[in-house]
Structures are given as structure tokens and as C-alpha cells.
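A short write-up of the structure that comes next.
The values are calculated or read from the model by the stated rules, or taken from the named source; none is laboratory data. Note that the structure is a prediction, hence the values are computed from the model and not measured. Cβ placement follows ideal geometry from the backbone for every residue including glycine, while neighbour counts extend to all protein chains displayed.
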Amino acid sequence: MNEQAHSQDFMALYNTTTAMGRKLTEMESSTNNLMLQLEHNHTTEMKIMKQSSESQLTSFQTSYNATINDLQTKEISMQKKITENYETVTLFALSSGKARTIIQFDDVKFSVGIKNISTFKRSGNFVCEKEGVYLIAVTVSAKDSHANFCVRRDNTSPVACARIGQPSGADYHSGASVIAQPLHVNDTIYVDTDYSIERGFLTYLTIMKLR
């Protein structure tokens with residue numbers, strides 16, 4: 001009877017121990033799974049945070065670069081305008097011809113800031129190379145009575161015309177015109193007349209960039 005009771009107690013203890021072992025195994029497995037899940041979640045969150053931070057940093061860098069480029073472009077443009085405003089363009093030339101057309105001021109005494117001076121000397125056309133406001137002063141002398149001349153821009157209507165006076169007892173007569181004109185690059189200024197003109201210091205042209 002005692003052996004049977006001991007056997008039953010042993011079996012009960014064995015079953016209890018086995019059940020507790022299974023529960024411990026299940027708890028350990030559950031704990032491991034939970035730890036793995038927590039680690040996975042943490043890794044995922046860190047990856048998302050990193051991607052978000054990198055995206056924000058990239059966006060900020062792009063915006064910053066665009067702002068810097070825009071400021072640099074504006075600075076260059078402003079500097080260019082300031083430089084252009086203070087660039088010197090000056091021309092003083094005499095006429096050595098007597099043609100009854102566009103007056104050629106081919107005897108250039110001096111010029112500053114004009115690259116294509118040969119075209120001007122050959123044709124009488126002043127081609128603007130630097131945008132700005134220009135002072136244009138012309139004096140034309142002729143022997144013809146009541147002669148006149150006009151300053152023209154780009155083959156359009158005259159910008160200004162002047163009548164050459166006829167003082168009594170003089171061998172020639174002179175007329176002058178002084179105007180200011182805003183010119184753009186490639187605008188053309190020239191002086192024409194239907195009369196024969198006197199050469200040298202009797203007929204001359206001054207062009208000066210004011211700003």
C-alpha cells in the first residue's frame with residue numbers, strides 16, 4: 001500500500017515537473033519572440049527615423065543650395081549692372097568726306113570702350129556695344145544755303161534735326177545738335193544730310209555714355 005502511494009506521489013510530482021518545464025519552455029520561447037519583435041520594431045523605427053532625417057537634410061540642403069545660387073546670380077547681375085553703369089564709352093571723330101548721304105566720321109581722334117571702331121569709321125554707323133544713356137553732340141558745316149542734317153537711330157524717323165545757319169559774309173555755315181538717347185546693345189546711331197559738308201574740325205561728332 002505504501003509503495004503504491006509512493007508511486008502515485010512520484011508520478012504526480014513528475015507530471016507537475018513536466019508541466020512546469022513545458023510552461024517554462026513556452027515562457028522562454030514567448031520571451032525570446034517578444035525580444036525579437038521589440039528588436040525588430042526598434043530597428044524599423046530607427047531606420048524610418050534615419051530615412052526621415054536624411055530626407056529632411058537632403059531637402060534642406062537642396063533648398064539651401066537653391067537659395068545660395070539665386071543670391072549669387074542676383075549678385076552677379078547686380079555687379080554687372082553696376083559695372084555697366086560706370087563703364088566709359090567715349091568717341092570723338094572728324095569727317096574727312098563730302099558725301100551727300102550718311103556722314104562718315106572716319107578721322108577718329110580718340111575712342112574709349114568701343115571694340116568695333118573700324119565699322120564706324122567705314123560706314124558712319126555707331127553701333128552700341130554697351131547699354132546705357134548716351135550724349136550725342138554733332139556739329140556740321142556746309143557751304144550750301146539753308147543746309148540741314150539729322151541724327152537717326154536704326155533707320156527710323158530722325159531723333160533730331162538741325163538747320164545750318166547762313167551768316168552773311170561767311171565761307172561756310174554751321175549747325176549743331178546735342179541730344180541724350182537711351183541705347184540698347186546693337187542699336188545704331190548715324191548722321192545724314194542731303195548737302196555737301198566741310199571736312200575736319202568743321203564737322204565732328206562726340207558720343208559719350210552717361211550711365
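A few points about this structure:
- Scan of the range 136-168 for residues that are within 14 Å of residue 187 (Cα to Cα) and in contact (Cβ under 8 Å) with a residue 12 or more places away in the chain, ordered by number: 136, 151, 152, 153, 154, 155, 159
- Residues in the range 83-108 that are of a type in the set (Gly, Ala, Ser) and modelled with pLDDT under 80: 97, 99.
- Residue count for the range 111-124 under the criterion of being assigned to a loop (DSSP other than H, G, I, E, B) and within 29 Å of the chain's Cα centre (by Cα): the result is 4.
- Unique match (being without any contact (Cβ under 8 Å) to a residue 24 or more places away in the chain and aliphatic (A, V, I, L, M)) among 114, 48: 48
- From the list 80, 47, the lone residue that is modelled with pLDDT under 80, of a type in the set (Lys, Arg) and part of a helix (DSSP H, G or I) is 80.
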